[in-house]
Structure formats: structure tokens, C-alpha cells
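S.K.: One structure coming up, written as C-alpha cells, with questions to follow.
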């Protein structure tokens, strides 16, 4: 599997969440263990005060939501489906373009996703917490017996 996203490399996202938390009363995340993405926050992740959840499965769907501008993918794991934002991070050579991203997020590929749950300051569309992605790993697509060989 190849790591295609690491929150530690996504400084723009971290800055945006920190700004929402520090400059508003209604947006952002509750800073229980320090500001999101800060050294204190990462320490809480490392020592288990912020539990890390791991989801492993296959990409079952790739789609756009919102106003057809929010790239998402669905993971099927143990018969359950969950949706996540399609992201990539820098790493060697910088971030990938949208065509490379589309090729990575392909139905049938195995995926491992690590995330933490963080409480919103205020409920958003009935949700009281966010699933904040730490890492996304995607493997090569394996052909199934149902697919015709070329």
C-alpha cells in the first residue's frame, strides 16, 4: 500500500481549522488537547488521549457531492459503508494533480484510513463530532474473477 495522505503534511488544512477554532465561537473544533494539529495535539494522539481509529476495506464508490465540487469516496468495510473526502498530501514531489488523484481513488482498490474523532464547537447538520483523517493508504487494484482479462 502507498500512503497518499498524511495530515502532518497538510499545513493548509491544519491552519484553516486552527483559524476557525481560534477566531470564532461557533466554528472549529473543541481544543481539548491543544489546537488541532499542534505539537500538544499530536502528543495526545501519540499517547492515546485522542484515540486513533483504523478503517480497512475497499473503495466501493467515487463521487462528487455538494455542488458537484466536493470530491468523496466510499469505503466498504465489513459490510458497512462510510464516506470520506478525497485528499492527497505533499510527500516527495509535492501534491498530485486532479488526474493523478482520480487514478488513485479507483473503485476496487484496497484502502486503510486512520482517523480521530474531534468534537465540533457546535453541532453541524446534526453531527457533534468530526472524523479527522490522519492518514490514507491505497493499494493496487486486484482483478476479480468476475472481470474479463484482456
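S.K.: State all residues of segment 60-82 that are at pLDDT 90 or above, assigned to a strand (DSSP E or B) and either closer than 17 Å to residue 141 by Cβ or out of contact with any strand residue (DSSP E or B) (no Cβ under 6 Å at 6 or more places or on another chain) (or both); if no residue qualifies, say none.
M.R.: 60, 61, 62, 73, 74, 75, 76, 77, 80
S.K.: Looking only at segment 22-43, count how many residues are in a helix (DSSP H, G or I) and over 19 Å from the mean Cα position of the chain (by Cα).
M.R.: 5
S.K.: Hey, another quick one. Of the conditions (1) at pLDDT 90 or above; (2) exposed (fewer than 12 other Cβ atoms within 10 Å of the Cβ); (3) within 21 Å of residue 123 (Cβ to Cβ), residue 39 clears all except one; give me its number.
M.R.: That leaves (3) as the condition not met.
S.K.: Exactly one condition in (1) modelled with pLDDT of 95 or more; (2) out of contact with any strand residue (DSSP E or B) (no Cβ under 8 Å at 6 or more places or on another chain); (3) within 17 Å of residue 114 (Cβ to Cβ); (4) surrounded by 13 or more Cβ atoms within 10 Å (Cβ to Cβ) is false for residue 48; which is it?
M.R.: Tallying (1) modelled with pLDDT of 95 or more; (2) out of contact with any strand residue (DSSP E or B) (no Cβ under 8 Å at 6 or more places or on another chain); (3) within 17 Å of residue 114 (Cβ to Cβ); (4) surrounded by 13 or more Cβ atoms within 10 Å (Cβ to Cβ), residue 48 fails exactly one: (4).
S.K.: Residues of segment 110-137 being closer than 15 Å to residue 83 by Cα and over 16 Å from the mean Cα position of the chain (by Cα), which ones?
M.R.: 127
The values are calculated or read from the model by the stated rules, or taken from the named source; none is laboratory data. Predicted model only: the values in this text are computed from it and were never measured. Cβ coordinates were reconstructed from backbone atoms using ideal geometry, including for glycine residues, and neighbour counts include every protein chain displayed.
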